[in-house]
Amino acid sequence: MKQSPQLKKAEEAMKPGVITGEGFLGKDKRHLIDILIEDDAEVSRSGLSHDIIAEKMKFFKEEGIKGEGLPVCVGDNFEVIVESVRGKLACPFGEPGLISKNNIGVINTKIKQEIHFTDFHIHMIEEHGFYQGKGSPYRISPKELIEILEIEPNE
Amino acid sequence: MYLQWIELVYSVLVVCGISTVLAILMVIADATIGNYGKKKLIVNNDKEFEVEGGNTVLTTLKEQGIFIPSACGGRGSCGLCKLKIDEGGGDYLPTELSWITKEEQKDNIRLCCQLKMKNDLKVTVPDELLEIKEYEVKVDKIVDLTHDIKCITFVFQGDDKMEFKAGQFVQLEVPEYELCEETVYRAYSISSVPSENKRFQLQIKYVSNGICTTYVHKHMQEGEIIKMNGPYGDFYLTDTDSELIFMAVGSGMAPIKSILMDMLERGINRKATFLFGAKNTDDLFLVDELKSLEKKLPDFKFVPIISRPEESKDWNGETGRLSEILPKYLKKPENTEAYLCAGERVIISYKQKLMELGIPENKIFYDSFG
């Protein structure tokens, strides 16, 4: 699909060396519009929205902050830690301001899997439905988030 | 027919001529646009350097042996490399404005990883930054402190040594590897004592996908030579008689350990308490070393605190979050200085609690690595 000039500009900003050394697209050769459409379809198929996913991520972040840098138990089967990482990132979609990089680690003890995301991931998913390109070291797929954070359609 | 041929040849010649002129213009443009030529860089109205124009002020200063703190390798994502530009800075760039307050704009404070040397430039570099040097150091020893924190000992080469104050930090250069296509710098507090100036130690916690921490934990080898620069920072002990409360979790112990060991060497026996937190007993480290300090510094108390005691292990110490335990150990808040080392979020929480308990804001010092 042909992408808008705004998305074209965002795609340029996502290339390695522009905002971060690694960029946000990984080895994905597809245009940004196609990456967004595929992930959006996966989220829709699960009966969810990017907002619902981002809200659950924010919930774990807020719970984790209460641990003051140490892990805390959330519910019956989650362990969460929030750690500050030096630095902030600009939004490749051109929004003003900088997004901090608090690192949120969530372990689902029931399925013995863990996931790590940052404020930057939350912003990208909530505002832009962007989970990063395939092969990006920082990509988190909707499937991983839904499974590990146990996100249900009726949340 | 003959005239048509002449017209055709003439047209071809015109097109070729235009193409040639355009090509020459492009060559000239390539050599001149973006080439700012030699520029003058004047530091503190004292030192004058002739430098290549077009590079960032951060890079240009580094080439002259002047190191400005930067944790993001010059991408405008850490906001550390602020300097006062006295002349020649021009207008603010959009990439600077998120980091520069209105007050700083009045003082011509600029983000020097974004500002380029397009004009002759006068810059003010704080004196302490002029003392910072770049070194090549050998990775002498890597020791696991916990499952995710390593202590790395670095040794200076040849006659090199680094004078620093307990509580300061250095920047490590991470070479190119799978997570970074070019070298980047990351800052870490020194955990060793300043008197040992031929070597220094860092405590580095693994952060998932962190560029430097992944390198240190999964790639760094003993014997390897790496680059670093320093020392940086103003997180060090004041020269007063106030009581001291130190607070840290995990690798936040580093600068506080350095300060305590320095107090011991310098015979500073201020009443001091160190609240050190970990998730469980497996995540506590150097407990014996810090407990033994209680015998050498008579007014010092080390309080390890775990947030999640395991049923299977015998734990008689404090349990909970540091801010919950704090009131028990803070006896004279009005006469106490607090020293904190943690991420930005945790510092906010500690600071709020300390102020609630009566420690004035100007007596709370912190090394926030957020």
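The values are calculated or read from the model by the stated rules, or taken from the named source; none is laboratory data. Computed from a predicted structure; not experimentally measured. No Cβ is skipped: glycine too gets one built from the backbone with ideal geometry, and neighbour counts run over all protein chains shown. Calculation scope for accessible area: heavy atoms of the full protein, side chains included, ligands and nucleic acids excluded. Shrake-Rupley method; radii C 1.70, N 1.55, O 1.52, S 1.80 Å.
Things worth noting here:
- Index of the failed condition, B:Phe49 passing every other in (1) open to solvent by 30 Å² or more (accessible area, probe 1.4 Å); (2) under 21 Å from B:Val174 (Cα atoms): (2)
- When segment A:64-100 is filtered for residues that are of a type outside the set (Gly, Ala, Ser) and more than 10 Å from chain B (Cβ to nearest Cβ), the ones remaining, listed by number, are A:Val74, A:Asp76, A:Asn77, A:Phe78, A:Val80, A:Cys91, A:Pro92, A:Phe93, A:Glu95.
- Pick from segment B:73-87, criterion at pLDDT 85 or above and open to solvent by 30 Å² or more (accessible area, probe 1.4 Å), ranking: farthest from the chain's Cα centre (by Cα): B:Glu87
- Those helices (runs of 4 or more DSSP H) of segment B:78-147 in which 2 or more residues are of a type in the set (A, V, I, L, M, F, W, C) occupy B:127-130.
- Flag for B:Glu361 being closer than 18 Å to A:Gly67 by Cβ and surrounded by fewer than 20 Cβ atoms within 10 Å (Cβ to Cβ): no
- Selection status of B:Asn280, within 22 Å of B:His147 (Cβ to Cβ), at pLDDT below 95, surrounded by fewer than 19 Cβ atoms within 10 Å (Cβ to Cβ) and polar (S, T, N, Q): yes
- For segment B:285-295, a residue qualifies if it is touching a residue at least 40 places away in the same chain (Cβ under 8 Å) and open to solvent by 20 Å² or more (accessible area, probe 1.4 Å), and exactly one does: B:Leu286.
- Selected residue (criterion: farthest from B:Lys141 (Cα to Cα)) from residues of segment B:210-234 that are crowded, with 16+ Cβ neighbours inside 10 Å and within 14 Å of another protein chain (Cβ to nearest Cβ): B:Gly233
- Among the residues making up segment A:101-112, those that are more than 7 Å from every other protein chain (Cβ to nearest Cβ) and touching a strand residue (DSSP E or B) at 6+ places or on another chain (Cβ under 7 Å) are A:Lys101, A:Ile104, A:Val106, A:Ile107, A:Asn108, A:Thr109.
- Of the residues examined, B:Thr153 is one that is part of a strand (DSSP E or B), open to solvent by less than 20 Å² (accessible area, probe 1.4 Å) and hydroxyl-bearing (Ser, Thr, Tyr).
- Pair list, Cβ < 7 Å and 6+ apart or interchain, from segment B:147-161 residues that are closer than 17 Å to B:Ile190 by Cα and in the same structural domain as B:Phe200 (by TED's automatic domain parsing) to residues that are part of a loop (DSSP other than H, G, I, E, B) and open to solvent by 60 Å² or more (accessible area, probe 1.4 Å): B:Val155/B:Lys198; B:Phe156/B:Lys198; B:Lys161/B:Lys198
- Against the list (1) of a type in the set (A, V, I, L, M); (2) more than 14 Å from the chain's Cα centre (by Cα); (3) closer than 16 Å to B:Val207 by Cβ, the condition A:Val106 fails is (2).
- Residue within segment B:323-340 that is open to solvent by 50 Å² or more (accessible area, probe 1.4 Å) and either within 20 Å of B:Ile190 (Cα to Cα) or within 11 Å of chain A (Cβ to nearest Cβ) (or both) present: yes
- Scanning segment B:185-228 for residues that are farther than 18 Å from B:Ile132 by Cα and basic (Lys, Arg) yields a count of 2.
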